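Peer 1: Can you keep this structure in mind? I'll have questions shortly.
The values are calculated or read from the model by the stated rules, or taken from the named source; none is laboratory data. Owing to the predicted nature of the structure, the values given are computational and were not obtained by experimental measurement. No Cβ is skipped: glycine too gets one built from the backbone with ideal geometry, and neighbour counts run over all protein chains shown. Remember, those area values only see protein heavy atoms, side chains included, never the ligands or the DNA or RNA. Shrake-Rupley method; radii C 1.70, N 1.55, O 1.52, S 1.80 Å.
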Amino acid sequence: MRTCQMLYPAESSSRRAVSMDGMWKFSLDERQEGEKNGWKNGVPGREMIPVPASFQDFYTDKDTREYTGDVWYETDFFVPGEWEGMEVGIRFGCATHCAQVYVNGKEAAYHEGGFLPFLVPVTELVAYNAFNKVVVRVNNELSETRIPCGAVKVLKNGKKMSKPYFDFYNYSGLQRPVKLVAFPREHVEDYSVRFELDGADALVHYTVETTGEHPVSVELYDEEQKLAASASGKEGTLHVADAHRWDVGDGYLYEFRIRIADGEKLIDEYADRIGIRTVEIAGRNILLNGRPVYLKGFGKHEDSDIAGRGFNINVMKRDFECMKWIGANCFRTSHYPYSEEIYRMADREGILIIDEVAAVGMFRSLMNFAEASSGKQTSFFTSPTIPQLLAHHLQCVEDMICRDKNHPSVIAWSLFNEPETTDVSSTAYFEKIFEKAAEVDPQKRPRTFAMIGNSGPDTCKCQHLCDFLSLNRYYGWYLLGGYELSDAEEAFRQEMDGWVKKSPERPLIFTEYGADTSAAEHKLPSVMWSQEYQEEYLEMSHRVFDSYDFVAGELVWNFADFQTTEGIMRVNGNKKGIFTRQRQPKAAAWYFKKRWESLPRDYKG
Ligand code: CKX
């Protein structure tokens with residue numbers, strides 16, 4: 001069984017997927033005794049905690065909330081007798097940031113990277129028709145050898161704390177659904193699809209990977225459950241007559257059914273939903289199904305009250321409703337791949353996604369927002385830890401693309417957020433990451449990275465690698481804010497003129513721009529932090545965007561207020577949300593609704 005198996009755990013006549021979500025036993029390991037005291041056989045105490053969730057915000061004491069190190073989870077699970085002879089595994093939606101898994105006291109798997117799923121094979125470790133025990137040691141320490149990057153500080157009292165080189169709280173734990181899965185020994189391991197449009201028809205080129213040699217057949221059903229096309233073989237093409245294309249606001253999904261059979265006998269069956277659409281860059285435009293699309297939307301976070309970064313199906317639903325209400329068509333999964341359920345929802349809603357790997361913090365700074373345009377250099381890419389970081393980053397890019405490659409909603413890969421690109425030492429590193437994305441994506445989606453202010457048209461040493469440019473810019477907030485807004489506009493236009501000279505025939509989008517705003521603050525005339533200032537700032541930004549033809553999208557920072565590390569620049573979190581953390585609109589939400597509902601899909605196309 002491949003441990004990097006990324007197929008979403010689905011049930012079928014040959015497969016089982018049972019939720020393991022619920023209350024698990026839980027303990028911090030403050031004295032680092034779990035290892036020597038054999039907690040792999042059982043976690044001491046009676047403390048229970050929900051899975052999925054971040055562990056931090058349940059507790060009322062600060063030492064637990066800020067705890068940095070190992071935490072232990074445990075639960076019992078029943079393995080039915082009928083599953084004997086099948087492959088059995090535990091699939092974790094994620095464990096942030098790394099995890100050692102034990103089943104019935106035996107080491108079962110180790111996984112690094114806190115935002116992608118992994119499958120732990122347990123076929124030989126479990127007792128059948130009996131209860132079994134899984135224990136997970138999760139570690140949430142940040143370093144420069146793994147993404148996202150950061151450090152750990154040891155306080156004088158001996159306690160550790162997280163020092164992220166990024167601006168979101170270091171939520172951690174078992175934050176996504178966990179499932180007990182079973183499937184046949186010979187099974188579908190992976191599949192991929194890519195599309196060609198042919199007038200009203202479409203060609204769906206597919207490949208299927210299986211663990212055996214029995215024949216494979218595939219079928220495509222439309223939303224009325226009518227057979228639209230079929231083919232046999234591990235590779236082939238489905239000809240779909242009069243194909244209903246997946247498009248913005250029209251999340252039409254076909255069911256793609258894969259079968260492995262031995263004559264009449266079914267061996268394995270796996271079904272998923274796919275959307276037929278193409279994505280490409282043509283000159284200054286991003287094309288969806290051959291037609292320009294202007295991106296309108298947000299940088300987001302998985303972040304909400306109490307569950308922190310834990311997957312919350314209710315918050316997900318509300319977020320999509322808010323995005324539709326406001327007229328958004330796109331979001332970036334800043335700054336890590338999100339829970340798979342969110343992509344499935346975007347597929348269904350016809351919302352576009354720029355999928356970002358957790359490569360954030362590649363600029364040594366605890367307040368990167370304050371230093372974003374300072375010209376500061378930290379020689380990040382010359383550090384001795386770079387080979388280890390690169391290997392991990394490459395693995396995460398591969399796993400993210402392996403997981404998300406078939407989602408119609410995913411239109412591009414964002415391979416870094418705000419890295420330091422002003423030193424030539426970054427270029428070789430970037431080339432490897434960009435090559436990997438192209439190599440593993442069957443659809444060859446456009447690649448980009450989100451550029452910090454320091455990465456300008458004349459300073460960025462990696463811009464040539466992007467299929468479209470993505471800028472995070474804060475003219476009028478971190479730079480020249482308040483009454484200096486008119487100077488901010490001039491400085492902004494000067495930079496934009498530089499990009500026009502450097503790269504006139506490539507789309508440029510804004511992956512961040514925004515102003516912190518208190519939902520309680522109104523002031524006439526405006527001051528920074530008031531709702532009035534947020535709108536003035538946005539009006540200025542949009543005036544600039546609207547005067548450059550190659551600007552192909554605007555993803556404002558952020559969809560909602562979110563939790564960060566505490567500090568003098570953060571009043572209980574980042575307040576750049578257009579919605580509050582409870583998903584209620586600030587005044588700017590109505591401003592955006594008006595603008596986005598009036599911009600045509602092919603604005604500037
Ligand atoms: N960009 C100047 C990364 C985000 C932060 C955002 C902010 C910065 C700005 C960099 O993760 O939240 O400071 O609001």
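Peer 1: Which of the peptides 555-562, 25-32, 533-540 is most tightly packed, and how do the rest follow, judged by the mean count of other Cβ atoms within 10 Å per residue?
Peer 2: 555-562, 533-540, 25-32
Peer 1: Rounded to the nearest percent, how much of the accessible area of the chain (1.4 Å probe, protein heavy atoms only) is carbon and sulfur?
Peer 2: So the carbon and sulfur contribution to the accessible surface is 50 percent.
Peer 1: 5 Å is the cut-off here: which amide hydrogens, built 1.01 Å from N in the peptide plane, fall below it relative to ASP190, excluding neighbours closer than 5 in sequence?
Peer 2: Correct list: GLU209.
Peer 1: When a/c is below 1.5 the answer is rounded, else prolate if a/b is larger than b/c, else oblate, so apply that to segment 262-338 with a ≥ b ≥ c taken from the square roots of the Cα gyration tensor eigenvalues.
Peer 2: Numbers: a/c = 2.54, a/b = 1.16, b/c = 2.18.
Since a/c reaches 1.5 but b/c is at least a/b, the shape of segment 262-338 is classed as oblate.
Peer 1: Could you do me a favour and compute the accessible area per residue for the chain, 1.4 Å probe, result in Å²?
Peer 2: 38 Å²
Peer 1: For a quick protection proxy, order the peptides 492-498, 548-554, 523-529 by their average other-Cβ count within 10 Å, most packed first. Don't skip to the end; give the middle numbers.
Peer 2: On the way: 492-498: 16.0, 548-554: 21.6, 523-529: 14.0.
With the highest mean Cβ count within 10 Å placed first, the list reads 548-554, 492-498, 523-529.
Peer 1: Over segment 316-470, what is the relative contact order in whole percent, taking alpha-carbon pairs under 8 Å and six or more residues apart?
Peer 2: This gives 24 percent for segment 316-470.
Peer 1: Tell me, how many Å apart are the Cα centres for segment 448-520 and for segment 560-603?
Peer 2: 18 Å
Peer 1: Distance check, please: which entries in LYS523/LYS575; LYS300/LYS593; LYS300/LYS324; LYS300/LYS576; LYS300/LYS594; LYS432/LYS461 exceed 19 angstrom between their Cα atoms?
Peer 2: Check vs 19 Å cut-off fails for LYS300/LYS594.
Peer 1: Quick check: from the Cα gyration tensor, does segment 165-205 come out rounded (a/c under 1.5), prolate or oblate? Each step should come with its number before you reach the end.
Peer 2: On the way: a/c = 4.33, a/b = 1.48, b/c = 2.93.
In terms of gyration-tensor shape, oblate.
Peer 1: Moving on. Could you tell me what percent of the DSSP beta bridges with both partners in segment 194-272 are antiparallel, to the nearest 5?
Peer 2: Antiparallel bridges: around 100 percent, rounded to the nearest 5.
Peer 1: Still on this structure, I have one more. Can you tell me, using C-alpha contacts under 8 Å and at least 6 residues apart, the relative contact order of the chain as a whole percent?
Peer 2: 13 percent
Peer 1: For TRP246, enumerate residues with amide H under 5 Å from its amide H, sequence gap 5+ or separate chain, H modeled in the peptide plane.
Peer 2: ILE276, ARG277
Peer 1: Still on this structure, I have one more. What percent do you get for the relative contact order of segment 552-605 when only Cα pairs under 8 Å and 6+ apart count?
Peer 2: Over segment 552-605, the number comes to 27 percent.
Peer 1: Which residues' amide hydrogens lie under 5 Å from the amide hydrogen of VAL556, considering only partners 5 or more residues apart or on another chain, with H built in the peptide plane?
Peer 2: Under 5 Å from the amide H of VAL556 lie the amide H atoms of GLY297, PHE298, GLY299, each far enough along the sequence or on another chain.
Peer 1: Something else now. In whole Hz, with x marking every Gly and Pro, tabulate ³J(HN,Hα) for segment 555-566 from phi via Karplus 6.51 cos²θ - 1.76 cosθ + 1.60, θ = phi - 60°.
Peer 2: 10, 6, 9, 9, 4, 9, 4, 9, 6, 9, 5, 6
Peer 1: Now for a separate question. Sort out for me the Cα centre separation of segment 77-142 from segment 52-75, rounded to whole Å.
Peer 2: 20 Å
Peer 1: Hey, can you list the DSSP H helices of the chain whose Cα span along the axis is 24 Å or longer and whose average Kyte-Doolittle score is at least 0.0?
Peer 2: Helices meeting the span and hydropathy rule in the chain are 386-404.
Peer 1: Sort the chain into rounded, prolate or oblate with this rule: let a ≥ b ≥ c be the square roots of the eigenvalues of the Cα gyration tensor; rounded if a/c is under 1.5, and if a/c is not under 1.5, prolate when a/b is larger than b/c, oblate otherwise.
Peer 2: It is oblate, given that a/c is not under 1.5 and a/b is not larger than b/c.
Peer 1: Compute the separation of the alpha-carbon centres of segment 174-195 and segment 325-398 and state it in Å as a whole number.
Peer 2: Using only Cα atoms to place each centre, the spacing works out to 25 Å.
Peer 1: Also, I was wondering about something else. So how do 443-449, 240-246, 406-412 stack up, highest first, on mean other-Cβ count within 10 Å?
Peer 2: On the way: 443-449: 21.9, 240-246: 18.0, 406-412: 25.1.
Most protected by this proxy first, the peptides run 406-412, 443-449, 240-246.
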